Amino acid sequence: MSLHPSSKAGRFTESVIREMTRLATLHHAVNLSQGFPDFPAPSEIKEAARGAIAADVNQYAITWGARSLRRAVAAKFERLYGVPVDPETQVTVTCGSTEAMIATLLAVLDPGDEVVVFEPFYENYGPDAVLSGAVPRFVKLRPPNWSFDARELAAAFGPRTRAIIVNTPNNPTGKVFSRDELEQIAGLCRRHDALAITDEIYEHILYDGTSHVPVAALPGMAARTVTINGMSKTYSVTGWRVGWAIAPESLSGAIRKVHDFLTVGAAAPLQEAGALALALPDSYYGELAAAYQRRRDRMLAILEGAGFGPHRPRGAYYVMAEIDGLGWEDDVAFARHLVEEVGVAVVPGSSFYENPADGRRQVRFAFCKKDATLDEAARRLARLKPR
Ligand SMILES: Cc1ncc(COP(=O)(O)O)c(C=O)c1O
């Protein structure tokens with residue numbers, strides 16, 4: 001009988017995050033599970049997308065990305081971080097940073113290669129490793145600061161290590177890796193001739209004066225870093241599916257080939273709008289971060305008031321919260337209770353760990369929501385009774 005899924009597909013489950021969004025709709029719950037904003041995207045970007053469609057930018061763009069967007073990506077990275085990027089050879093535009101990550105892993109890893117992943121991790125990295133045939137080696141980030149043990153990290157690197165995935169600012173923890181931590185990672189990459197693959201899609205969502213350090217900006221690291229980013233979070237357009245990878249020329253060709261045969265290209269008119277978005281003035285990013293800091297503070301107050309033990313994020317737009325103070329010891333049962341009985345959808349902590357037991361007492365709240373949504377969540381969570 002050949003009508004069975006591949007062993008690869010059998011080795012990971014459906015996305016818990018996206019499943020929670022479906023349950024939220026089913027139970028008319030306030031959806032604080034999936035990380036998408038429920039407020040409007042900037043009007044000038046929407047106008048640019050409409051304009052591109054009206055101007056008939058409606059056929060395939062160059063497979064590795066419209067020249068205007070590649071130029072904007074390169075110019076912005078150089079302007080903000082001082083790292084020169086050649087848009088002709090180093091930038092590949094993809095269908096979201098999700099595709100940039102899997103295309104990169106498929107382009108650089110062979111079956112049996114090892115890739116170091118910090119945990120808790122963004123849930124896509126697990127299936128991404130399976131699909132690329134790589135063996136993930138997990139290194140723990142521990143609260144309250146979500147710091148890692150330098151010896152544990154060094155021990156995770158070995159002769160088969162090809163790459164490390166670094167997500168900063170981090171989902172789900174809100175950790176922003178410090179320059180010192182990134183230097184340690186860079187040192188290990190150099191020592192083991194490994195690649196850093198960085199997911200920096202929350203680069204502008206930073207709190208309390210924290211700054212973002214791209215790994216590629218560290219001395220000598222541009223030559224061994226693939227920097228992944230996208231429009232989804234910075235411009236509140238998660239449904240547009242426009243992302244990119246900035247890679248050294250030696251790897252770019254492989255990433256472009258994989259990308260071409262996976263998807264051909266991202267939506268052409270939305271790439272044109274992306275070129276305009278990336279040229280927005282610095283004030284746009286300052287306002288974005290300030291608005292998110294207000295939402296973060298509100299979310300923390302709501303969670304503390306409702307009896308959770310929230311960890312204060314320094315970046316990105318999620319709060320990991322401990323649930324044992326409410327008398328719950330099983331994140332999945334708690335998340336089900338919350339969506340069905342209280343009317344708030346969250347993500348069970350276990351979905352961010354290799355060993356589900358490590359996340360049993362945590363759930364993740366997304367606060368990329370308008371005030372009215374957070375108000376309603378506050379009203380509902382106030383009814384939550386400790387067990
Ligand atoms: C760390 C991280 N990487 C990637 C993504 C997906 O980004 P995109 O919409 O660009 O595919 C998300 C979305 O939540 C994320 O949190």
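When the gyration tensor of the range 313-356 is built from Cα positions, what are the square roots of 5 times its three eigenvalues, in whole Å, from largest to smallest?
Ellipsoid half-lengths, sorted descending, are 18, 14, 11 Å.
Name the aspartates and glutamates eligible as straight-distance cross-link partners of LYS369: C-alpha to C-alpha under 16 Å, and not fewer than 8 places from it in the same chain.
Output for LYS369: ASP38, GLU287, ASP297.
Counting only other residues whose beta carbon sits under 14 Å from that of ALA186, what net charge do I get with K and R as +1, D and E as -1?
Values: positive: ARG179, ARG190, ARG191, ARG224; negative: ASP180, GLU181, GLU183, ASP193.
The answer is 0.
Which whole-number percent of Cα pairs in the range 78-196 have a distance greater than 18 Å? Provide the component values of the computation, followed by the final result.
Numbers: 3908 of 7021 pairs.
Looking at the range 78-196, the distances longer than 18 Å represent 56 percent of pairs.
With springs only between Cα atoms under 10 Å apart, run a GNM on the chain and tell me which of ILE164, ILE302, ILE228 wobbles the most.
Highest fluctuation among the options: ILE302.
Which links in LYS140/LYS175; LYS175/LYS233; LYS46/LYS370; LYS140/LYS370 stretch past 21 Å when you go from one Cα to the other?
Exceeds cut-off: LYS140/LYS370.
For a Förster distance of 51 Å, can you work out the FRET efficiency between the beta-carbons of ARG22 and SER250, rounded to the nearest 0.05?
Values: r = 42 Å, r/R0 = 0.82.
Calculated value: 0.75.
Tell me what the chain gives for mean residue ellipticity at 222 nm when only DSSP H runs of n ≥ 4 count, each as -39,500 (n - 2.57), the sum divided by the residue total, rounded to 500 deg cm²/dmol.
Counting only the DSSP helices, I get -12000 deg cm²/dmol.
Between PRO40, PRO310, PRO269, find the one with the highest GNM mean-square fluctuation for the chain; connect C-alpha pairs within less than 10 Å.
Result for the chain, Cα springs under 10 Å: PRO40 fluctuates most.
Hey, with R₀ at 35 Å, roughly what FRET efficiency would ARG294 and VAL332 work out to, going by the Cβ-Cβ distance, to 0.05?
Numbers: r = 31 Å, r/R0 = 0.89.
Once the sixth-power term is evaluated, E becomes 0.65.
Cα centroids of the range 5-32 and the range 257-281: how far apart, whole angstrom?
Here the answer is 27 Å between Cα centres.
Give me the number: length gained by fully extending ASN145 to THR63, i.e. 0.36 nm times residue separation minus the C-alpha to C-alpha distance, one decimal in nm.
Numbers: separation 82, 0.36 × 82 = 29.52 nm, distance 4.11 nm.
25.4 nm is the gain from fully extending ASN145 to THR63.
For the chain, give the magnitude of the charge dipole about the Cα centre (Cβ charges: +1 Lys/Arg, -1 Asp/Glu; no others), in debye to the nearest 20.
Values: 43 positive and 45 negative charges, 59 e Å.
So the dipole magnitude of the chain works out to roughly 280 debye.
What is the sum of charges, Lys and Arg at +1 and Asp and Glu at -1, for the other residues whose Cβ falls under 13 Å from the Cβ of SER97?
Working: positive: LYS233, ARG241; negative: GLU99, ASP128, ASP199, GLU200, GLU203.
Taking every Cβ under 13 Å from that of SER97, the sum is -3.
Among the helices of the chain (complete DSSP H runs), which have Cα atoms covering no less than 30 Å along the helix axis and a Kyte-Doolittle mean of at least 1.0?
Numbers: long enough: 282-305 (35 Å, -0.67).
Membrane-span-like by this rule: not one helix.
Calculate, for ALA75 and ALA154, the FRET efficiency according to 1/(1 + (r/R0)^6) with r their C-beta to C-beta distance and R0 35 Å; round to the nearest 0.05.
0.45
How big is the antiparallel share of DSSP beta bridges in the chain, given as a percent to the nearest 5? Before the final figure, lay out the partial values.
Working: 19 of 40 bridges.
Among the beta bridges of the chain, antiparallel pairing accounts for roughly 50 percent.
Where does the chain land on Rg(C-alpha)/(2.2 N^0.38 Å)? Don't skip to the end; give the middle numbers.
Details: Rg = 20.5 Å, N = 387, 2.2 N^0.38 = 21.2 Å.
Ratio of Rg to 2.2 N^0.38 Å for the chain: 0.97.
Along the principal axes of its C-alpha atoms, what lengths does the range 50-108 span, in descending order and rounded to whole Å?
Principal extents (largest minus smallest coordinate, Cα): 35, 29, 17 Å.
Using alpha-carbon positions, what is the distance between the centroids of the range 122-200 and the range 345-387, in Å?
So the separation of the two Cα centres works out to 25 Å.
Each value in this text was obtained by applying a stated rule to the coordinates, not by laboratory testing. Bear in mind the structure is a predicted one, so any value in this text is a computation, not a measurement. When we count neighbours, we look across all protein chains shown, and the Cβ atoms used for this are built from the backbone with ideal geometry, even at glycine.
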